[in-house]
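Report on the following structure.
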Amino acid sequence: MNLLRQIPLPGWTGIIEILVLAALFYYIILFFRGTRGAAVLSGFAVLLFALLALTHFFHLDALNWIIQRFSVYLAVAFLVIFQPEIRRALAELGKQHVFASTRTERSLVDHVVKAAFLLSERKIGALIALEREIGTRAIQETGTRIDSSVSPELLASIFYPHTPLHDGGVIIRDDRILAAGCVFPLSSRHVLSKSLGMRHRAAVGMTEETDAIVVIVSEETGAVSLSYKGRLSRGLSEERLRRFLSAVLIKSKQAKSRLSRVKEQLDLTPEGVAKTEEKKVEELEDHV
């Protein structure tokens with residue numbers, strides 16, 4: 001108890017500094033999560049912490065002096081290593097997220113729908129996953145990284161037969177194609193129809209493990225299907241697919257504020273989780 005009393009309590013300025021630093025570290029972690037820069041940042045932090053701990057506990061004054069003198073160069077190295085991520089972060093700060101987000105989602109829906117039915121007319125198989133809240137970095141690493149803007153022509157080119165990346169899935173986040181030729185996890189559910197091919201089972205498996213939306217184009221029939229939350233809707237028309245994607249990607253964002261979404265995610269009781277999942281299913285069924 002005496003030891004606790006000797007610890008000085010922070011004043012108002014100290015509390016503000018703690019909150020600012022906590023928010024800064026939180027958004028840095030949130031920004032790097034799911035990217036390749038996350039592994040580099042983790043290794044960089046572990047190495048620096050290990051060196052500081054080593055010099056402190058073993059009283060390695062010379063090494064400690066060298067690390068302190070090289071702190072400026074470490075900052076420059078940090079800027080060089082994470083230059084793409086820093087540029088992207090600064091670009092994001094300059095965007096008007098309130099209106100730009102809706103425009104981006106609507107443009108994405110148009111591009112995916114157009115690509116799906118362009119491939120459907122030619123009976124070219126396709127597997128397109130739209131990433132949402134849950135990251136898919138491990139699945140992206142099974143394919144080839146692209147990091148390109150979404151366009152119907154590019155998607156059609158990727159899935160064109162005999163191209164190197166046509167046999168696999170494409171993962172899209174926001175308005176960027178992250179990777180192509182990815183191997184999606186197959187669903188092991190026995191209730192699925194035996195007539196379903198590997199593409200449809202991979203789509204269902206992907207949506208069982210993540211909250212992604214997966215659009216499937218059958219190579220045999222050219223039919224367009226969609227999988228979400230482990231459920232499969234087959235034989236969709238262009239209008240129905242557009243309505244479904246808009247319901248999930250656009251209207252749900254407009255209807256919910258970020259604060260209400262956080263409150264629902266923090267309600268981890270069985271009743272809260274069941275209520276959230278039930279509401280999502282009801283919304284999707286109404287729109288579809």
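The values are calculated or read from the model by the stated rules, or taken from the named source; none is laboratory data. Since the model is a prediction, treat every value here as computed from it, not as a measurement. Note: ideal-geometry Cβ built from the backbone for every residue, glycine included; neighbour counts use all protein chains shown.
Do we have residue 171 as at pLDDT 95 or above and either basic (Lys, Arg) or surrounded by 14 or more Cβ atoms within 10 Å (Cβ to Cβ) (or both) here? Considered against the rule, which asks whether it is at pLDDT 95 or above and either basic (Lys, Arg) or surrounded by 14 or more Cβ atoms within 10 Å (Cβ to Cβ) (or both), residue 171 comes out as yes. I'd like to check something: does the stretch 266-275 contain any residue that is modelled with pLDDT under 55, among the polar types (S, T, N, Q), outside the structural domain of residue 170 (by TED's automatic domain parsing) and within 22 Å of residue 135 (Cβ to Cβ)? Within the stretch 266-275, none of the residues are modelled with pLDDT under 55, among the polar types (S, T, N, Q), outside the structural domain of residue 170 (by TED's automatic domain parsing) and within 22 Å of residue 135 (Cβ to Cβ). Within the stretch 235-264, the set of residues being modelled with pLDDT of 90 or more and basic (Lys, Arg) comprises 240, 242, 243. Those helices (runs of 4 or more DSSP H) of the stretch 1-119 in which 2 or more residues are at pLDDT 75 or above and exposed (fewer than 11 other Cβ atoms within 10 Å of the Cβ) occupy 12-32, 36-57, 61-69, 71-81. Of all residue pairs spaced 6 or more apart or on separate chains, those with beta-carbon atoms under 7 Å, a first member in the stretch 117-142 that is free of Cβ contacts under 8 Å to residues at least 60 places away in the same chain and a second member that is crowded, with 17+ Cβ neighbours inside 10 Å are 118/152; 118/156; 140/171; 140/178; 140/179; 140/182; 142/182. Of the residues making up the stretch 192-250, those that are more than 21 Å from residue 173 (Cβ to Cβ), hydrophobic (A, V, I, L, M, F, W, C) and touching a residue at least 40 places away in the same chain (Cβ under 8 Å) are 192, 223, 224, 232.
With respect to residue 217, determine if the residue is at pLDDT 90 or above, touching a helix residue (DSSP H, G or I) at 6+ places or on another chain (Cβ under 8 Å), β-branched (Val, Ile, Thr) and closer than 29 Å to residue 106 by Cβ. It is true that residue 217 is at pLDDT 90 or above, touching a helix residue (DSSP H, G or I) at 6+ places or on another chain (Cβ under 8 Å), β-branched (Val, Ile, Thr) and closer than 29 Å to residue 106 by Cβ.
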